[in-house]
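Working notes for the structure below.
Rule-based calculations on the coordinates, nothing more; no lab input. Everything numeric here is computed off the predicted structure, so don't read it as measured data. Cβ placement follows ideal geometry from the backbone for every residue including glycine, while neighbour counts extend to all protein chains displayed.
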Amino acid sequence: MLKHCFFFFLGVVLLSQCVPAQEEILTDVNFDITKPEFQRFYDLQDEQLTDSLVFYFDHKDPSYRYAAAMAFASIKNDSSIVNSLAKLLNDDVEEVKIAAAYAMGQIGSPKGTNWLTKSFEQYDTLGIHHELNSTILEAVGKCGNAETLKLLCKAKEYVKTDTLLLEGYSKAIYRFMLRGITSSEGTEKMVKFLTQKNYPPEVRMIAANYIGRSKTINIDTLATPLMEVLYVEKDPRVRMALVTGLSRTKSPEVLDGLIEILGKERDYRVKCNIISALGNFDYRKVVGAIAPLLEDKNIQVATTAANYFLNYGSLQAAPQYRQIARRNDSLSWNVRSTLYQAANRHLSPYSQGTRIAIQYELKDQYKNATDIYQKAAALSALGEYGKNYQDIYEMGFKNSKPLLRTTTIKALGNIVADPDFNIVFGSSRNRVKKEISLYLKEALEKGDAAMMAVAAGIIRKPELDFKSVYDTLTFLEVAKNRLELPKETETFYEIQHTIDFFNGKKPTQPPVPAFNHPINWRVFNTINSETKAQVKTSKGTFVMQFFSNEAPATVTNFVSLAKSGFYDKKTFHRVVSNFVAQGGCPRGDGYGSLDYSIRSELPFLNYDKEGYVGMASAGVHTEGTQWFITFSPAPHLDGKYTIFAKVIDGMDVVHQLTVGDKINQVQIVE
């Protein structure tokens, strides 16, 4: 008996050794960017080696499948991958499915619509798949057509507590609108989110931005309910966008309401938007509310008020703009320069005495200004009067300062595009246009990259008919061929666009710059979750927290430049009230870069609040040194411009920035 038992147990042991061990099924995404195997995915993304990334779609580790899917969200323009990516929408791991849905939306191919809708978990009664379904909804908004939007608007109504689903739903309708696809049903949904209480704040913010940016909505029919919301709304993100939408009506009710709110408003960003919105109304009815704001303590408000007079000023009041600029020394130079420009633009052709005085005063400002941006402002103001064209050329075309050279070409373009050009020059108009055309040609033949880019943009304007002026277009091809790439990619795009225009072709899809700047992982490995950038400016100091896990290439590039001192003594060359402050240009005019480019990195990050730091670009994968900070939500930038940091301290300093403010130092604090 003992003998038989021994052989029985021996057999069991031997048999168990012959059966292969069951392979462990991995169900968690554990993506650790500090490990070389995961850094490899960013290298593949950077080099856009799509076949190598697709290889990981079948990997047993969901972390690898997730990383491969997310890489395509940044690569974007590869619709050939849609069918391969689709199988990850049915992955066993939720995070992988979410990454695939997001990437599908980023690619934006119509082929993705069916895959996305099939993957929607419509019987998710327990809310287990809310994040996935929300991502799918927004992705559909990025790739669906008008029929898809129609079906979406007929779908089940979500309850107000379904926060994630409502966010995805509202974003879907918003993304459709950004692509020029709207419907009355979609607009009704967005108005409902705004006008009925207790919808989630993020949903209402998106709905307000839909109203603010859509050009097809009949605001006149919505003026009353939207004004009712504006009166009681506390979230400035909603009020800012609503005001922009209401600017597209001439309703007396809206006019009275906006002026009333302007007098009480505490958030300067809302005030800026109201000032801009009032440009759609009768000048005589709003000037009394706007004029005092030229002396507002907030520079953004004062600058926006000055720009109102530049864009909407009257012929009769033009001499007053000059007088205010001359006599009020308390105004910032930005405001005074803009008022001079407004006076020069709107002045009657019969006010020759005042006209001559303005030109003299502007030339004097140009000569005596110590701030290069003030000089550029004077040059721009001179460009409002056509007969300054020769003086402008002499003052700035060969100037040693890049900003002034670029401003010169812009000013010449402004002169030749003036609707009153023929009136100003009379019988000399053809001769003057020919002379300016030679200046622009010279800029393309002998100028720097910025001058070339601006000149190319001017001569392709259809209404200016430069086709009839130039005997040959060879100079455009010569100019394009002597550009240094990728450093001068933006200029390359501009010139190619102009060549296509002159040849009667649709604009050529610009080529993505070839891979030329690997990620420096040695630098990246010195960064941790606590690494920040302390930016010391002429207005004060603010601190940025990096998103190194989400945008490692961009963060590494910024840290490397900062540690080398590259950003020290640069300026904020572009400040758009209630939009962005932009800096990091080595030229100071927005056209500067170094001899390399980096790739766009576009993961799950959104411009849904103030203070996000993004990379400026001339298109996908053309980033370099320039970056911007948002003053307010900018959801139209989502998925298009890399977000690599957020201001976590000193946002009050950022709100004070204006053109020409210095970046004294960027210090990396580890």
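Among rounded, prolate and oblate, which fits the range 510-550 when a ≥ b ≥ c are the square roots of the eigenvalues of its C-alpha gyration tensor, a/c under 1.5 means rounded, and a/b larger than b/c means prolate?
Since a/c reaches 1.5 but b/c is at least a/b, the shape of the range 510-550 is classed as oblate.
Per the Debye calculation on the range 445-513 with a single equal scatterer at every Cα and no solvent contribution, log₁₀ I(q)/I(0) for q = 0.15, 0.29 Å⁻¹ amounts to -0.44, -1.52. The modelled label-to-label distance for the pair LYS150/ARG213, using points 7 Å beyond Cα in the direction of Cβ, is 2.5 nm. Short-range pairs are left out: with C-alpha atoms under 8 Å and at least six residues apart, the relative contact order of the range 521-669 is 36 percent.
In the range 173-234, what trypsin sites (Lys or Arg not before Pro) fall in a loop by DSSP, with at most 11 other Cβ atoms inside 10 Å?
Working: sites: ARG175, ARG179, LYS189, LYS192, LYS197, ARG204, ARG213, LYS215, LYS234; in loops: ARG179, LYS197, LYS215, LYS234.
Answer by residue number: LYS197, LYS215, LYS234.
Seen from ASN481, the other residues with C-beta closer than 14 Å to its C-beta sum to a net charge of -2, counting Lys and Arg as +1 and Asp and Glu as -1.
Tell me the GluC sites (Glu not before Pro) within the range 112-221 that lie in a loop according to DSSP and have at most 12 other beta-carbon atoms within 10 Å.
Values: sites: GLU121, GLU131, GLU138, GLU147, GLU157, GLU167, GLU185, GLU188, GLU202; in loops: GLU121, GLU157.
For GluC sites (Glu not before Pro) across the range 112-221 that sit outside H, G, I, E and B with at most 12 neighbouring Cβ atoms in 10 Å, the list reads GLU157.
3J(HN,Hα) along the range 28-40: 10, 8, 10, 8, 10, 5, 6, 8, x, 5, 8, 4, 4 Hz, from the Karplus curve 6.51 cos²θ - 1.76 cosθ + 1.60 with θ = phi - 60°, whole Hz, x for Gly and Pro.
A viscosity of 1.567 mPa s and a temperature of 4 °C, combined with the Kirkwood radius over C-alpha pairs in the Stokes-Einstein formula, give the range 36-223 a diffusion coefficient of 75 µm²/s.
Hey, what's the per residue convex hull volume over the C-alpha atoms of the range 292-380, in cubic angstrom?
87 Å³
Rank these for me by crowding, HIS517, HIS129, going from fewest to most other beta carbons within 10 Å. Each step should come with its number before you reach the end.
On the way: HIS517 18, HIS129 21.
The fewest-first ordering by Cβ neighbours comes to HIS517, HIS129.
Which one of GLY584, ALA325, TYR66 is farthest out on the positive end of the charge dipole of the chain, using unit charges on Cβ (Lys, Arg +1; Asp, Glu -1) and the Cα centre as origin? Positive-end residue among those listed: ALA325. Among ARG460, ARG327, the ranking by other beta carbons within 10 Å of each residue's beta carbon, starting with the fewest, stands as ARG327, ARG460. Between GLU94 and VAL54, how high is the FRET efficiency from 1/(1 + (r/R0)^6) when r is the Cβ-Cβ distance and R₀ = 22 Å? Nearest 0.05. Efficiency, rounded to the nearest 0.05: 0.55.
Helix-only arithmetic for the chain: the sum of -39500 (n - 2.57) across DSSP H runs with n ≥ 4, divided by the residue total, places the mean residue ellipticity at 222 nm at -16000 deg cm²/dmol. Candidates PRO603, VAL654, ALA551 compared by Cα position along the dipole of the range 521-669: farthest toward the positive end lies VAL654, with charges placed on Cβ.
Normalised by 2.2 N^0.38 Å, where N counts its residues, the alpha-carbon radius of gyration of the range 385-511 equals 1.03.
Against the 2.2 N^0.38 Å scaling, with N counting residues, where does the range 185-237 land? I'd like the Cα-based Rg ratio to two decimal places.
Values: Rg = 10.3 Å, N = 53, 2.2 N^0.38 = 9.9 Å.
Expressed relative to 2.2 N^0.38 Å, the Cα Rg reads 1.03.
First select every other residue whose beta carbon is under 11 angstrom from the beta carbon of TYR493; then total the charges, Lys and Arg +1, Asp and Glu -1. Once positives and negatives cancel, what remains is -3. With +1 on each Lys and Arg Cβ and -1 on each Asp and Glu Cβ, and nothing else charged, work out how big the dipole of the chain is about its Cα centre, in Debye to the nearest 20. Roughly 2100 debye for the chain.
Enclosing the Cα atoms of the range 234-387 in their convex hull gives a volume equal to 116 cubic angstrom per residue.
Counting other beta carbons within 10 Å of each Cβ, put ASP364, ASP91, ASP61 in order, fewest first. Before the final figure, lay out the partial values.
Numbers: ASP364 11, ASP91 19, ASP61 15.
Sorted ascending by nearby Cβ count, the order is ASP364, ASP61, ASP91.
With q set to 0.16, 0.17, 0.23 Å⁻¹, the log10 of I(q)/I(0) for the range 182-274, from the Debye formula over equal scatterers at the Cα positions, is -0.57, -0.64, -1.21. Rounded is the label for the range 521-669, because a/c, from the alpha-carbon gyration tensor with a ≥ b ≥ c as root eigenvalues, stays below 1.5. A cut-off under 13 angstrom between Cβ atoms defines the neighbours of ALA71, and their net charge, with Lys, Arg +1 and Asp, Glu -1, is -3.
A Förster distance of 25 Å, applied to the separation of the beta-carbon atoms of GLU188 and ASP267, puts the FRET efficiency at 0.30. For GLN352 and ALA291, a Förster radius of 45 Å and the Cβ-Cβ distance give a FRET efficiency of 0.95, rounded to the nearest 0.05. Taking every DSSP bridge with both residues inside the chain, close to 100 percent are antiparallel.
Using only alpha carbon positions, build the gyration tensor of the range 59-106, then give the equivalent ellipsoid semi-axes as the square roots of 5 times its eigenvalues, largest first, whole angstrom. Before the final figure, lay out each step's value.
Values: eigenvalues 53, 20, 16 Å².
The three semi-axes for the range 59-106 are 16, 10, 9 Å.
Coupling constants for the range 89-94 follow from the phi torsions by the Karplus curve (6.51 cos²θ - 1.76 cosθ + 1.60, θ = phi - 60°), and in residue order they are 5, 10, 4, 6, 10, 4 Hz; glycine and proline get x.
Taking one quarter of the surface of the C-alpha convex hull of the range 373-454 gives a mean projected area of 4.8 nm².
Write down, largest first, the equivalent ellipsoid semi-axes of the range 224-286 in whole Å, where each equals the square root of 5 times an eigenvalue of the alpha-carbon gyration tensor. Present the calculation step by step, with values, prior to reporting the outcome.
Working: eigenvalues 56, 31, 20 Å².
Output for the range 224-286: semi-axes of 17, 13, 10 Å.
The chymotrypsin sites (Phe, Trp or Tyr not before Pro) found in the range 331-438 that occupy coil by DSSP, while having at most 15 further C-beta atoms within 10 Å, are TYR350.
Taking only the C-alpha atoms of the chain, the Rg (one decimal) and the largest Cα-Cα distance, Dmax (whole number), read 28.7, 128 Å.
Each residue of the range 273-287 was assigned a 3J(HN,Hα) from its phi angle through the Karplus expression (A = 6.51, B = -1.76, C = 1.60, θ = phi - 60°), giving 5, 5, 4, 5, 5, 5, x, 8, 10, 4, 3, 5, 8, 10, 4 Hz with x at Gly and Pro.
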